[in-house]
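The values are calculated or read from the model by the stated rules, or taken from the named source; none is laboratory data. From a predicted model like this one, the values you see are computed outputs, not experimental measurements. All Cβ positions, glycine included, derive from the backbone under ideal geometry; neighbour counts span all protein chains shown. Please note that ligands, DNA and RNA were not included when accessible areas were found on the heavy atoms of the full protein model with its side chains. Shrake-Rupley method; radii C 1.70, N 1.55, O 1.52, S 1.80 Å.
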Amino acid sequence: MKPSPLRIHRPTTVDETLDLLAARGATGKILAGGQSLVPVLNMRLAAPSDLIDITSVAGIDDLEVSGADGSEEICVGASVTHRRVERSADVTRANPLLGEALRFVAHPAVRNRGTTVGSIAHADPNGEMPMVLALTGGRIEARSRRGERTLGAEELNIGPLETSLESDELITRAIFPALPAGSRTGFDELARRSGDYALAGVGMILDVDGETVTGLRCGFVSVTDVPDILDLGEAVSGAELGDASTVAATVAEAVRDFIDPGGDIHASADYRRHLAGVIASRLFRRLCRSDGSSGRGDARGASGRGEDSLVGATGDDIERRRA
């Protein structure tokens, strides 16, 4: 199928974009990378009267890490692609979780076109970027002819595929704080096919002082309606890294109690809940083994495609792990 008839606008400035949104935003859609929107249009699940293509808009294509060490922020412009963020050494240094999660977003061809801000605006509970924004305490900046406002993830996401943005607002950039020294990060998920939506996914930030755990936060993909964050700092604080196996069982149980996934033709609710607990347990143990050599997290030891990765498992391995 092809989209229903529509008008395409190609503004070149933010002001021009805001004028178009003020006039046509109620029945129109913003097009950035188009990796989520275009399939929806082709299936006629959406039929906007206008598309506002922002790929040529000046001033929203910046990717920078600003601020002094320890208080840095990663600023991602609205037209910056996933691939640019994923490949940025400065981003990896400041916030390893962002790059780790991006490696699980669809396929390289999709990441070459899809935008990080567009994924956040899409607010798909199966998407990795809304979860990372929430887990790292990030925020977005939105502009309209009425002014500018800043929204944290908890204010932005109000339901599946639903945000608190008004029809005349444009997200100009997303801002991810750098993670403090002593943080170890990891992300892992399981999908039926490589690049497919996850059956369940978990992002994790582990805070460590020497050999002692001082904090733990978890975010989820495909098992919550909005990117809710589970803070397990009180439950695990004071645990020693050497006790990871014992503490991991507590983490898994807490995750299963926290989430309330739905079931579908791909996986039952019980299976998604079980899977999220397994992923969280393995991810916690992996982060405890990491030496944290990158300063904020060990991208090698904590990578989502490391030795315990469910994604890289063979069919036989997955069947054994389900048992």
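Applying 0.36 nm per residue to the separation of LYS2 and GLU73 and subtracting their alpha-carbon distance, the gain on full extension is 21.5 nm.
Please give the contour-minus-distance gain from ASP243 to GLU148: 0.36 nm per residue of separation, less the Cα-Cα distance, rounded to one decimal in nm.
Details: separation 95, 0.36 × 95 = 34.20 nm, distance 4.77 nm.
Taking 0.36 nm per residue and subtracting the Cα distance, the gain is 29.4 nm.
For VAL236, the solvent-accessible surface computed with a 1.4 Å probe is close to 0 Å², ligands and nucleic acids excluded. What the pair-distance distribution of segment 75-124 shows, using all Cα-Cα distances binned every 5 Å from zero, is 5, 23, 33, 28, 10, 1 percent.
A P(r) calculated from all alpha carbon pairs of the chain, with 10 Å bins opening at zero, reads 6, 27, 34, 22, 9, 2, 0 percent. Classify segment 25-179: rounded, prolate or oblate, from the alpha-carbon gyration tensor (a ≥ b ≥ c, eigenvalue square roots; a/c under 1.5 rounded; otherwise prolate if a/b is larger than b/c)? Judged from the Cα gyration tensor, segment 25-179 comes out prolate (a/c at least 1.5, a/b above b/c).
Taking the Cα centre of the chain as origin, sum charge times position over the Cβ atoms of Lys and Arg (+1) and Asp and Glu (-1), and report the length of that vector in debye to the nearest 20. Each step should come with its number before you reach the end.
On the way: 36 positive and 48 negative charges, 248 e Å.
Taking the Cα centre of the chain as origin, the dipole is about 1200 debye.
Per the Cauchy relation, a quarter of the hull surface: what is the mean projected area of the convex hull of the alpha carbons in segment 1-113, in nm²?
Working: hull surface 33.0 nm².
Averaged projected hull area, Cα only: 8.3 nm².
Taking the charge dipole of segment 38-180 about its Cα centre, with +1 at Lys and Arg Cβ atoms and -1 at Asp and Glu Cβ atoms, the residue from SER144, LEU170, ALA101 reaching farthest to the positive side is ALA101. Heavy-atom accessible surface of segment 116-175, averaged per residue, reaches 37 Å², computed with a 1.4 Å probe.
What longest region of the chain stays clear of GluC sites (Glu not before Pro) that DSSP places outside H, G, I, E and B and that have at most 15 other Cβ atoms within 10 Å?
Details: sites that count: GLU166, GLU211, GLU307.
Maximal segment without exposed cleavage sites: 1-165.
As an exercise, use a Förster radius of 41 Å and the Cβ-Cβ distance of ALA58 and GLU162 to find the FRET efficiency, rounded to the nearest 0.05.
Numbers: r = 30 Å, r/R0 = 0.73.
Efficiency, rounded to the nearest 0.05: 0.85.
Measuring with a 1.4 angstrom probe and ignoring ligands and nucleic acids, LEU165 comes out at about 40 Å² accessible.
Atom-type composition of the exposed protein surface of the chain places 47 percent of the accessible area on carbon and sulfur (1.4 angstrom probe). A full extension of the chain between HIS107 and ALA23 corresponds to an added length of 26.7 nm, given 0.36 nm per residue minus the alpha carbon distance. Extending 7 Å from Cα along the Cβ direction at THR214 and again at ARG193 yields two label points whose distance is 4.6 nm.
Pairwise Cα distances in segment 1-57 exceed 16 Å for 39 percent of all pairs. Sites counted here are trypsin sites (Lys or Arg not before Pro) in a DSSP loop (not H, G, I, E or B) having no more than 16 other Cβ atoms within 10 Å; the longest part of the chain that contains none of them is 194-299.
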